[in-house]
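Chemist: My questions will all concern the structure given below.
The values are calculated or read from the model by the stated rules, or taken from the named source; none is laboratory data. The structure displayed is predicted, hence computed values, not measured ones. Cβ atoms come from the backbone with ideal geometry, glycine included; neighbour counts cover every protein chain shown.
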Amino acid sequence: MTAPNAPITQDVLTIPRKLPEGGKTNLVGLTRDQLREALMAAGTAEKQAKMRVGQIWQWIYHWGVRDFAQMTNLAKDYRALLAENFVIEVPEIVSKQVSMDGTRKYLLRIAGGHEVEAVYIPEETRGTLCISSQVGCTLTCSFCHTGTQKLVRNLTAGEIVGQVMVARDDLDEWPVPGAPKDETRLVSNVVLMGMGEPLYNFDNVRDAMKVVMDGEGISLSRRRITLSTSGVVPEIARCAEEIGCLMAVSFHATTDEVRDRLVPVNKKWNIETLLNALREYPRLSNSERITFEYVMLKDVNDSDADARRLVKLIAGIPAKINLIPFNEWPGAPYVRSDWERIEAFADIIYKAGYASPIRTPRGEDIMAACGQLKSATERARKSRAEIEAEAGL
Ligand code: SAH
Ligand code: SF4
């Protein structure tokens, strides 16, 4: 048992891969090595294991098959052996809401009866799936709805990959055998910007992204995956080295005083420490710029002086600044900056030589916009003391 306020480590909160019912192992989310081990433990001969991994991998991640009986290039006996030992399981869709603008929000049920959300955002030239990495969040950013929800647990790698698979199911995106190859992608990009702090669930997020990037399966390029962190400095370099995806940082303020209030993890790793880590980000280049996310809060962080400080602070870092108009939620202690203010702020940044897109809020009518996610079953609010203890403050 872990004490409620113990520091969050990757393993304590992750449920074991063996499913309680029937004791069968879920193959979704296993790395190739783990899959090989699992197959061998179930009686696959060592000599054949590599080939079997390749075949099963293609069935699950290229064709989207969930039933071993459909794996027609495997012998009948072997399919039966697989079905006795394993399942291919993804989160269950509890509800789906479709916004006026086409955004789809999925409420998903995972083991233990917990719920997380994933959001699909269609755009003209791409479709972005925003996925969750934790149920709730240990951090307590004061403008974020998820931050008011207690952390329940980390998601397993299977539950993270499963969100991508569920979206492809819903969008009917798996290839049809024999049909001409369709290069257009509905889920063309994945962002780890849903519920939770991905760098506090590093190993599972990494394993899941490896599965999603694998060329013989879902095959999303690492440049089409963006991980957003609130600034967990010690894990930032690992993200480049072990995942290789693009990085976004929830920056949101230009002084430590304000950032301490908005993003309390700043008390542990302040602006200077964070910027130093980003300057050393191993993959930093103009084509792989870091996205600085900046939520626009009226009279809190949206002055011209803030914009000028921001460009000074990030000088020398290949960057793009994504301005996010604050998305309100019931009881939120902030108000969205006026549109003219956001544009004036964007202009200062743009004139300093940085791209400064303003993120159009999507799916607001279904509470699917950034920072509005919070599952219906986990309404418990944190107490002040819990918030501080969890954040290690
Ligand atoms: N935990 C990670 C990723 C999830 S949040 C992180 O903090 O980066 C994804 C983005 O939405 C972050 O930049 C976050 O700060 C922002 N966000 C949170 N609540 C918001 C709100 N109510 N309005 C607008 N953006 C919000
Ligand atoms: Fe957690 Fe990110 Fe929300 Fe902060 S903004 S509380 S880190 S999900």
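Chemist: Please enumerate the residues belonging to segment 149-162 that are modelled with pLDDT under 90 and either crowded, with 24+ Cβ neighbours inside 10 Å or within 14 Å of GLY194 (Cα to Cα) (or both).
Modeler: If the condition is that a residue be modelled with pLDDT under 90 and either crowded, with 24+ Cβ neighbours inside 10 Å or within 14 Å of GLY194 (Cα to Cα) (or both), then GLN149, LEU151 are the ones that fit.
Chemist: Go through (1) on the phi > 0 side of the Ramachandran plot; (2) touching a strand residue (DSSP E or B) at 6+ places or on another chain (Cβ under 6 Å) one by one and return the number of the condition SER219 breaks.
Modeler: Of the numbered conditions (1) on the phi > 0 side of the Ramachandran plot; (2) touching a strand residue (DSSP E or B) at 6+ places or on another chain (Cβ under 6 Å), the odd one out for SER219 is (2).
Chemist: Which number in (1) crowded, with 17+ Cβ neighbours inside 10 Å; (2) basic (Lys, Arg); (3) within 30 Å of ASP365 (Cα to Cα) marks the one condition that ARG36 misses?
Modeler: Just one mismatch for ARG36, condition (3).
Chemist: Tally time: how many residues in segment 239-276 are more than 18 Å from ILE321 (Cβ to Cβ) and among the aliphatic types (A, V, I, L, M)?
Modeler: The qualifying residues number 3.
Chemist: Which residues, taken from segment 195-214, are β-branched (Val, Ile, Thr) and either closer than 26 Å to THR254 by Cβ or within 15 Å of ligand 1 (Cβ to nearest atom) (or both)?
Modeler: Across segment 195-214, the qualifying residue is only VAL205.
Chemist: Does LEU323 satisfy the condition of being part of a helix (DSSP H, G or I), at pLDDT 95 or above, of a type in the set (A, V, I, L, M, F, W, C) and within 16 Å of ligand 1 (Cβ to nearest atom)? Write out each step before concluding.
Modeler: On the way: part of a helix (DSSP H, G or I): no; at pLDDT 95 or above: yes; of a type in the set (A, V, I, L, M, F, W, C): yes; within 16 Å of ligand 1 (Cβ to nearest atom): yes.
In short, no.
Chemist: Picking from THR146, THR156, which residue would you name as being more than 16 Å from ligand 1 (Cβ to nearest atom), over 15 Å from LEU246 (Cα atoms), among the hydroxyl-bearing types (Ser, Thr, Tyr) and assigned by TED's automatic domain parsing to the domain that holds ASN270?
Modeler: Going through THR146, THR156 in turn, just one is more than 16 Å from ligand 1 (Cβ to nearest atom), over 15 Å from LEU246 (Cα atoms), among the hydroxyl-bearing types (Ser, Thr, Tyr) and assigned by TED's automatic domain parsing to the domain that holds ASN270: THR156.
Chemist: Okay, next question. In segment 124-142, how many residues are away from ligand 2 (no atom under 11 Å from the Cβ), assigned to a loop (DSSP other than H, G, I, E, B) and surrounded by 24 or more Cβ atoms within 10 Å (Cβ to Cβ)?
Modeler: Residues flagged as away from ligand 2 (no atom under 11 Å from the Cβ), assigned to a loop (DSSP other than H, G, I, E, B) and surrounded by 24 or more Cβ atoms within 10 Å (Cβ to Cβ) within segment 124-142 amount to 1.
Chemist: Here is a follow-up. What number of residues in segment 158-200 are closer than 15 Å to CYS130 by Cβ and in a loop (DSSP other than H, G, I, E, B)?
Modeler: Residues flagged as closer than 15 Å to CYS130 by Cβ and in a loop (DSSP other than H, G, I, E, B) within segment 158-200 amount to 9.
Chemist: Further question on the same structure: I'm told GLU288 meets every condition in (1) modelled with pLDDT under 95; (2) within 16 Å of ligand 2 (Cβ to nearest atom); (3) over 15 Å from ARG359 (Cβ atoms); (4) surrounded by 14 or more Cβ atoms within 10 Å (Cβ to Cβ) except one. Can you identify the failing condition by its number?
Modeler: (2)
Chemist: Select from segment 64-107 the residues that are buried (at least 17 other Cβ atoms within 10 Å of the Cβ) and on the phi > 0 side of the Ramachandran plot and list them in ascending order.
Modeler: GLY64
Chemist: Here's another thing I want to ask about it. Being over 12 Å from the mean Cα position of the chain (by Cα) and within 16 Å of ligand 1 (Cβ to nearest atom), is that true of even one residue in segment 215-231?
Modeler: Yes, segment 215-231 contains at least one residue that is over 12 Å from the mean Cα position of the chain (by Cα) and within 16 Å of ligand 1 (Cβ to nearest atom).
Chemist: Another question, then. Go through the residues of segment 236-251 one by one and say whether even a single one is in a loop (DSSP other than H, G, I, E, B), closer than 25 Å to SER219 by Cβ and touching a residue at least 12 places away in the same chain (Cβ under 8 Å). Before the answer, list the steps.
Modeler: Step one: filter segment 236-251 for residues in a loop (DSSP other than H, G, I, E, B), giving 244-245, 251.
Remaining after also requiring closer than 25 Å to SER219 by Cβ: 244-245.
If we keep only those that are touching a residue at least 12 places away in the same chain (Cβ under 8 Å) as well, we get 244-245.
Yes: segment 236-251 contains one or more residues that are in a loop (DSSP other than H, G, I, E, B), closer than 25 Å to SER219 by Cβ and touching a residue at least 12 places away in the same chain (Cβ under 8 Å).
Chemist: If you scan segment 271-302, which residues turn out to be free of Cβ contacts under 8 Å to residues at least 40 places away in the same chain, in a loop (DSSP other than H, G, I, E, B) and more than 23 Å from the chain's Cα centre (by Cα)?
Modeler: Correct list: ASN286, ASP299.
Chemist: Name the residues in segment 312-355 that are of a type in the set (Gly, Ala, Ser) and more than 16 Å from ligand 2 (Cβ to nearest atom), would you?
Modeler: Listed by number, the residues that qualify are ALA315, GLY316, ALA319, SER337, ALA344, ALA346, ALA352, GLY353, ALA355.
Chemist: So, in segment 125-143, of the ones that are among the hydrophobic types (A, V, I, L, M, F, W, C) and more than 12 Å from GLN163 (Cβ to Cβ), which residue ends up farthest from ligand 1 (Cβ to nearest atom)?
Modeler: Ranking the qualifying residues of segment 125-143, first place goes to VAL135.
Chemist: Right, here's the next one. Could you run through segment 45-63 and say how many residues are surrounded by 15 or more Cβ atoms within 10 Å (Cβ to Cβ) and without any contact (Cβ under 8 Å) to a residue 12 or more places away in the chain?
Modeler: Summing the residues that are surrounded by 15 or more Cβ atoms within 10 Å (Cβ to Cβ) and without any contact (Cβ under 8 Å) to a residue 12 or more places away in the chain in segment 45-63 gives 0.
Chemist: Let me ask you something else. Residues of segment 146-157 being in contact with a strand residue (DSSP E or B) (Cβ under 7 Å, 6 or more places away or on another chain), closer than 19 Å to ASN204 by Cα and not in a loop (DSSP other than H, G, I, E, B), which ones?
Modeler: At the first step, the residues of segment 146-157 found to be in contact with a strand residue (DSSP E or B) (Cβ under 7 Å, 6 or more places away or on another chain) are 148, 151-155.
Filter again for closer than 19 Å to ASN204 by Cα, leaving 151-155.
Matches in segment 146-157: ARG153, ASN154.
Chemist: Of (1) within 24 Å of THR226 (Cα to Cα); (2) in contact (Cβ under 8 Å) with a residue 24 or more places away in the chain, GLU123 satisfies all except one. Which?
Modeler: Condition not satisfied by GLU123: (2).
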